[in-house]
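Some notes on the structure that comes next.
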Amino acid sequence: MSQPISLTRYLIEEERHGHINPELRLLVEVVARACKRISIAVGKGALGGVLGDAGEAGQASINVQGEAQKKLDVLSNEILLEANAWGGHLAGLASEEMTTSLPIPEPFPRGRYLLLFDPLDGSSNIDVNVSVGTIFSVLRCPDGVSEPRDEDFLQPGTAQVAAGYCIYGPSTMLVLTVGHGTHAFTLDREVGSFMLTTRGMRIPEETREFAVNMSNQRFWEPPMQAYIADLLAGKDGPRGKDFNMRWVASMVADVHRILTRGGIFSYPLDSKCAAKGGKLRLMYEANPMSLLVEQAGGAASTGRQRMLEVVPTSLHQRVPVFLGSKAEVDIAVDYHLRHDAAH
Ligand code: P6P
């Protein structure tokens with residue numbers, strides 16, 4: 001097997017093809033370097049003294065999501081903020097862990113891009129050593145805006161110029177799109193570089209595997225109840241085939257499996273989270289994952305609308321999520337649209 005090319009070479013070739021400019025190339029390199037540092041911290045586990053909840057003297061630290069922060073949530077957020085402050089490629093940043101967005105601080109220069117991220121998604125899994133990850137999304141800062149505010153980040157997913165995640169699993173992998181396919185890079189820890197290991201990930205159109213937290217079944221809307229009931233009925237039911245189920249409860253791990261071998265990931269509305277609009281966040285979870293999935297030939301929806309066309313109304317907005325194998329996502333959406341048309 002010929003020597004895989006590095007992330008740096010891939011990005012230089014993307015720049016040579018006119019797909020990205022030097023500023024965006026630098027941005028992706030900086031995020032990748034920050035992810036390497038997060039990978040090292042996560043990989044130390046209990047030996048790193050960074051497991052468990054953040055906060056002092058037994059007083060939990062609660063983020064804007066109302067979730068108890070893990071020490072690694074806070075550390076990962078700090079790593080991404082520090083890495084991106086001085087490069088001159090960003091005008092501002094927004095994070096799941098921060099109530100409001102942040103303009104790049106003085107005395108550093110500001111660039112043309114906005115970076116949004118979930119610094120450590122699935123962090124409730126850290127203490128049980130299950131794969132977690134960093135999710136990021138890149139938007140252009142609106143022309144003429146020198147001091148970006150939250151509303152400057154409220155752009156639909158179609159406006160993303162890059163998106164990706166880094167999964168901290170048995171291997172650390174960066175999965176990235178700059179709008180020309182979805183590609184996977186594996187961290188070579190000896191060299192310290194991400195190496196291109198899959199150029200052009202493709203999600204199979206059909207699947208026999210679904211990912212959902214079944215414990216919420218009694219709280220789902222009727223179309224979701226009907227959709228899952230028909231999957232569970234298997235080959236004797238209306239779908240005419242048996243299905244398997246996987247649920248890691250770490251979006252990065254579940255989405256990575258789907259990008260790798262197909263499947264449908266669902267976090268639908270349920271009566272517990274409906275008032276908030278859903279469980280998962282649009283700007284730095286659903287949108288970047290949806291761009292990666294679409295660029296790999298899959299589909300992503302709220303169950304009623306293409307995810308990337310949702311017009312955001314707030315930075316930490318939540319949405320229902322269906323993404324993965326296109327034919328299966330289309331079927332799940334059809335259950336919802338037929339229900340809505342009949343009621
Ligand atoms: P539940 C992790 O907390 C997360 O935000 C996603 O990574 C994951 O898909 C989902 O929540 C898991 O939710 O309700 O199964 O714990």
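Expressed as a whole percent, the accessible area of the stretch 303-343 that falls on carbon and sulfur atoms is 57 (1.4 Å probe). Around the Cα centre of the stretch 270-337, unit charges on the Cβ atoms of Lys, Arg, Asp and Glu (plus for the first two, minus for the last two) sum to a dipole of about 320 debye. I want the local charge near Y113. Using Cβ-Cβ distances under 14 Å, sum +1 for each Lys or Arg and -1 for each Asp or Glu among the other residues. Combined, the nearby Lys, Arg, Asp and Glu give 0.
Non-local lysine pairs in the chain, meaning eight or more places apart or on different chains, with alpha-carbon distances under 25 Å, amount to 12.
Name the shape class, rounded, prolate or oblate, that the alpha-carbon gyration tensor gives for the stretch 285-343, where a ≥ b ≥ c are the square roots of its eigenvalues, rounded holds for a/c under 1.5, and otherwise prolate holds if a/b is larger than b/c and oblate otherwise. In terms of gyration-tensor shape, oblate. Note on A233 and E78: the model spin-label points, each 7 Å out from Cα along the C-beta direction, lie 5.5 nm apart. Each residue, S124 and W86, gets one label point 7 Å from its Cα in the Cβ direction; the gap between the two is 3.8 nm.
The overall shape of the stretch 5-200, judged from the alpha-carbon gyration tensor, is oblate: a/c is not under 1.5, and a/b is no greater than b/c.
For the stretch 209-342, the solvent-accessible area with a 1.4 angstrom probe is 36 square angstrom per residue. In the full protein context, the stretch 1-140 carries 45 Å² of accessible surface per residue, based on a 1.4 Å probe and ignoring ligands, DNA and RNA. Entry note, the chain: the mean residue ellipticity at 222 nm calculated from DSSP H runs of n ≥ 4, each adding -39500 (n - 2.57), is -9000 deg cm²/dmol after division by the residues and rounding to the nearest 500. Cys residues of the chain that find no other Cys beta carbon under 4.7 Å: C141, C273.
The modelled label-to-label distance between K241 and T186, using points 7 Å beyond Cα along the C-beta direction, is 2.8 nm.
The values are calculated or read from the model by the stated rules, or taken from the named source; none is laboratory data. Since this is a predicted model, take the numbers as computed values, not measurements. Backbone-built Cβ (ideal geometry, glycine too); neighbour counts: all protein chains shown. Heavy atoms of the whole protein, side chains included, go into the accessibility calculation; ligands, DNA and RNA do not. Shrake-Rupley method; radii C 1.70, N 1.55, O 1.52, S 1.80 Å.
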